[in-house]
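The values are calculated or read from the model by the stated rules, or taken from the named source; none is laboratory data. None of these values were measured; they are calculated from a predicted model. Virtual Cβ from ideal backbone geometry, glycine too; neighbours counted across all protein chains shown. Accessible surface areas use protein heavy atoms only, side chains included; no ligands, DNA or RNA. Shrake-Rupley method; radii C 1.70, N 1.55, O 1.52, S 1.80 Å.
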Amino acid sequence: MEGSWTRALRYTRLALIVVYALLILYYFATGWEGARKFVVTMVPLSVVLWVVDSLHRRDPLIPRVRSLYVNALVGAVLIALSLLSGYYISNNFWDLVSVRMGSYNQVDLIMGALIAVTVLWFGAVKYPIIFAITVFFLLNSLYGRYFPGILNHPGLSYSRLIAAMSVDFSTGVFESLSQIAATVISAFMLFVGILSGFGLVEATNRLVLSKLRSPKLIPQTNILVGVPVGMVTGSAGAASATVGSLTIPIVKALGVPLAMASAMAAAAGIGAQLMPPVMGASAFVMADALGVPYFEVMIRGFVPALVYFAGLAVAIHFISLKSVKVDAGRGTPTVASTKLSLVDRVYVLLFMLGIALLIVFMASWVYAPLAAIRSAGVVLAAAILVNLAAGLRMRLRTLEILKSLGAKLARALEFFSIETANLTLLLALLGLLKAFFTVTGFSIKLGSAVVSLGAGNLYLTTLLSYAFGYVVGMGVPPLGTYVIVYPVIVPALMRLGVSPWVAQFTAFFIGVHAEFAPPMSVAAATVSRIARIPFTSVLRELVKLGIGLPLIIFVTPIKPELVLVPGLRQVITGVEVVLGLIGVEVIAYWALHERRILDVPLKLLLAVGSILVLFTRGFYEILGLALTLPLVAYAFLRAWRVTKQI
């Protein structure tokens, strides 16, 4: 019985993956009837795919309930509710947005409530803290008159609240957030799925491992693997898993403490959410909030991402000089056995071609999702030809070649459909939370409170924004943190004269920083499982190693050129910020003199210089550069001397 049930689930899941992918491709080919109408179909279908995928993986649909029959029953109910509400809302869509807008009948509200319930159920299972926050603000929306302070308001009627959660379309599960997932991010997920499914990312990683032989340089594989992985994943968890599985065993074998080796992988993985061209999902939401093409966000993101990775690379370099044993890397099996085949080398070229095409297409003002699809199509066609040629060269039978191609294509489609469905539902859930913030005026009141407490001071307002984001990030992943904080802190910063670009990027960086906040750091949790050490041990080292990101958060409003306009001024500002970060990394991980009595005052002087470089402008900025440059140069000179003595 269980065997037939498993087979049925596997084939049903595969069919849904294919249908889901074809629907998205059909939307990009035809435009459907617009993004809003399309997402009315895709949100219920995403629920169905999530349910079937969860049953296939034996993931519970009721937290902590493992019974197959109970989960199957709950899954059947969720599928029925989502399909029923989706069918009704889709069939009545044009009446809902025109004839009955603002005066919905009872059936409209019931069907809207059903789809909202299924999305909330998804949240309860996958993101319990976001679910708890959403339920809290749902209750606040209904009974605001009983809440104190900025949470107090007259309260909404049930019908008004249900409409805002669903059939209003401008807020709730069908609003712009879920539309972004289904109609924009999905195209990039297809691109990433093809690169991953056909092994192009793995081939690039093997190239990096095959080129670094020096024990002192091998820890830099965290950066050299993290950057290309980050360019195509945009996910801290996925990037940390990829980087960590490759680098942790090697770096540990070189003598670096296990917690630090794990933190290096996690810090590099977190950079995936900063690294263009496929930044984290928050970047797509930012583009929508600013009303600009995604390319405008992406092109501004290169310098901050490189600043982050440069600071991290310097920290890893100094740690390596102190920790790596001289002869540890010789004979390390993982390094020595890394060989590149001809197919691997071609795959690396295809990986680079895909990234280049994506950037060129977007730079040519091609609509960003179409640029991703075109790039994916070119890479897919080339990868198929490479596989066919390799199979024929190895004299494989036609059936074996086709079977191998089919498996790779299935992996690509699985990643594409499953990740898009989960992201669509997560953004639909965040759409509910955003709706509650909107209809109650909470975000406006909280933003006013931040401005009031900041007393018109940019430094203090930025600090309060960071503190708010950190608290939210303790329970919510980066995308959720960004969606929650940006309606609050962006208006607060703009009232102080900060550009919308700068305010949005500040909120974006705060969202990414959620990966450094306990207990929601997916990156730290991922690498701790790989290394089999306590989560807290990794997080403790990660917070120190990733100091560059909070510094970037505070620097951005003070030095807006870092993100304001792409070009030479942005690059110069980025170099300046890198210098300040290097000063901080020297203080944390290196010694400026063998004798402590001289090392401490030199570090204090470097600390003053770094602070002036990062957080001041004009004369004090120049003074900071004059202090920092010679001390940083001396630190690298000492590091070079240590390297020469080895």
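Consider F468 carefully, then state whether it is buried (at least 23 other Cβ atoms within 10 Å of the Cβ) and not charged (D, E, K, R).
Judged against the criteria, F468 is not a match.
Scan the range 495-527 for residues that are under 12 Å from G237 (Cα atoms) and either in contact with a His (Cβ under 6 Å, 6 or more places away or on another chain) or open to solvent by 10 Å² or more (accessible area, probe 1.4 Å) (or both) and jot them down.
Scanning the range 495-527 gives M520, V522, A525, T526.
Conditions tested, residue by residue: (1) in contact (Cβ under 8 Å) with a residue 40 or more places away in the chain; (2) touching a Cys at 6+ places or on another chain (Cβ under 9 Å); (3) hydroxyl-bearing (S, T, Y); (4) open to solvent by less than 20 Å² (accessible area, probe 1.4 Å).
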residue	(1), (2), (3), (4)
S90	yes, no, yes, no
D95	no, no, no, no
N105	no, no, no, no
I115	yes, no, no, yes
L120	yes, no, no, no
I133	yes, no, no, no
F136	no, no, no, no
G144	yes, no, no, yes
G155	no, no, no, no
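With the requirement that a residue be among the charged types (D, E, K, R), under 20 Å from G511 (Cα atoms) and either under 21 Å from the mean Cα position of the chain (by Cα) or open to solvent by 20 Å² or more (accessible area, probe 1.4 Å) (or both), what does the range 542-562 give you?
Selection gives K544 alone.
What helices (runs of 4 or more DSSP H) lie completely within the range 89-198 and have 3 or more residues being under 23 Å from L426 (Cβ atoms) and more than 29 Å from the chain's Cα centre (by Cα)?
Passing ranges, in order: 106-126, 128-142, 158-165.
Any idea which of (1) on the phi > 0 side of the Ramachandran plot; (2) touching a Ser or Thr at 6+ places or on another chain (Cβ under 6 Å) is the one S82 doesn't satisfy?
(1)
Suppose we keep only residues that are small (G, A, S) and not in a helix (DSSP H, G or I) within the range 248-281. Which one would you say is farthest from A315 (Cα to Cα)?
Per the stated criteria, the residue is G280.
Among the residues of the range 31-42, are any open to solvent by 10 Å² or more (accessible area, probe 1.4 Å) and closer than 13 Å to L83 by Cβ?
Yes, some residue in the range 31-42 is open to solvent by 10 Å² or more (accessible area, probe 1.4 Å) and closer than 13 Å to L83 by Cβ.
Looking at T247, T221, which is the one that is farther than 20 Å from S521 by Cβ and open to solvent by less than 10 Å² (accessible area, probe 1.4 Å)?
Unique residue meeting the criteria: T221.
Only one residue in P304, P293 is open to solvent by less than 20 Å² (accessible area, probe 1.4 Å), under 24 Å from R569 (Cα atoms), touching a residue at least 12 places away in the same chain (Cβ under 8 Å) and not acidic (D, E), so which one is that?
P304
Could you tell me how many of the residues in the range 619-646 are open to solvent by 30 Å² or more (accessible area, probe 1.4 Å), at pLDDT below 90 and not hydroxyl-bearing (S, T, Y)?
Within the range 619-646, residues that are open to solvent by 30 Å² or more (accessible area, probe 1.4 Å), at pLDDT below 90 and not hydroxyl-bearing (S, T, Y) number 7.
Which of the residues belonging to the range 622-646 are under 16 Å from K559 (Cβ atoms) and touching a residue at least 40 places away in the same chain (Cβ under 8 Å)?
If the condition is that a residue be under 16 Å from K559 (Cβ atoms) and touching a residue at least 40 places away in the same chain (Cβ under 8 Å), then G624, L625, T628 are the ones that fit.
Tell me, please, whether a residue that is in a helix (DSSP H, G or I), under 18 Å from V314 (Cα atoms) and open to solvent by 30 Å² or more (accessible area, probe 1.4 Å) can be found in the range 588-598.
yes
If you go through the range 385-392 one residue at a time, do you hit one that is over 30 Å from R13 (Cα atoms), touching a residue at least 40 places away in the same chain (Cβ under 8 Å), of a type in the set (A, V, I, L, M) and open to solvent by less than 50 Å² (accessible area, probe 1.4 Å)?
yes
Being over 30 Å from S521 (Cα atoms) and surrounded by fewer than 17 Cβ atoms within 10 Å (Cβ to Cβ), is that true of even one residue in the range 166-184?
Looking for residues that are over 30 Å from S521 (Cα atoms) and surrounded by fewer than 17 Cβ atoms within 10 Å (Cβ to Cβ), one finds at least one in the range 166-184, hence yes.
With respect to the numbered conditions (1) part of a helix (DSSP H, G or I); (2) at positive phi, which one is the sole condition not fulfilled by G456?
Status for G456: all satisfied but (1).
Yes/no matrix, rows are residues, columns are (1) part of a helix (DSSP H, G or I); (2) under 22 Å from F284 (Cα atoms); (3) among the aromatic types (F, W, Y); (4) at pLDDT below 95:
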| position | (1), (2), (3), (4) |
| --- | --- |
| Y486 | yes, yes, yes, yes |
| I489 | yes, yes, no, yes |
| A492 | yes, yes, no, yes |
| V502 | yes, yes, no, no |
| G511 | yes, yes, no, yes |
| S528 | yes, no, no, yes |
| I533 | no, no, no, yes |
| L539 | yes, no, no, yes |
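Please verify whether the range 33-41 includes one or more residues that are in a helix (DSSP H, G or I), touching a Gly at 6+ places or on another chain (Cβ under 7 Å), within 30 Å of A372 (Cβ to Cβ) and touching a residue at least 60 places away in the same chain (Cβ under 8 Å).
Looking through the range 33-41, at least one residue is in a helix (DSSP H, G or I), touching a Gly at 6+ places or on another chain (Cβ under 7 Å), within 30 Å of A372 (Cβ to Cβ) and touching a residue at least 60 places away in the same chain (Cβ under 8 Å).
Which one of L73, L78, L83, L61 is modelled with pLDDT of 90 or more, open to solvent by 50 Å² or more (accessible area, probe 1.4 Å) and either under 17 Å from L425 (Cα atoms) or of a type in the set (G, A, S) (or both)?
Only one candidate passes the filter, namely L83.
Out of the range 325-352, which residues are at pLDDT below 70 and within 30 Å of S375 (Cα to Cα)?
T338, K339
Name the residue that is most open to solvent (accessible area, probe 1.4 Å), counting only residues in the range 393-436 that are of a type in the set (K, R) and outside any helix (DSSP H, G or I).
Going through the qualifying residues, I end up with R395.
Failed condition for L612, given (1) open to solvent by 10 Å² or more (accessible area, probe 1.4 Å); (2) modelled with pLDDT under 95, with all others met?
Going through (1) open to solvent by 10 Å² or more (accessible area, probe 1.4 Å); (2) modelled with pLDDT under 95 one by one, L612 breaks only (2).
Just to be sure I understand the filter: pairs with C-beta atoms under 8 Å, separated by 6 or more residues or on different chains, first member in the range 586-600 and farther than 16 Å from T628 by Cβ, second member part of a loop (DSSP other than H, G, I, E, B). Which pairs pass?
Qualifying pairs under 8 Å: L598/L592; D599/A591; D599/L592; D599/H593.
(1) free of Cβ contacts under 8 Å to residues at least 12 places away in the same chain; (2) not in a helix (DSSP H, G or I): which one isn't true of V498, the others all being true?
Failed condition: (1).
Which number in (1) at pLDDT below 90; (2) more than 21 Å from T556 (Cβ to Cβ) marks the one condition that F436 misses?
Looking at each condition in turn, F436 falls short on (1).
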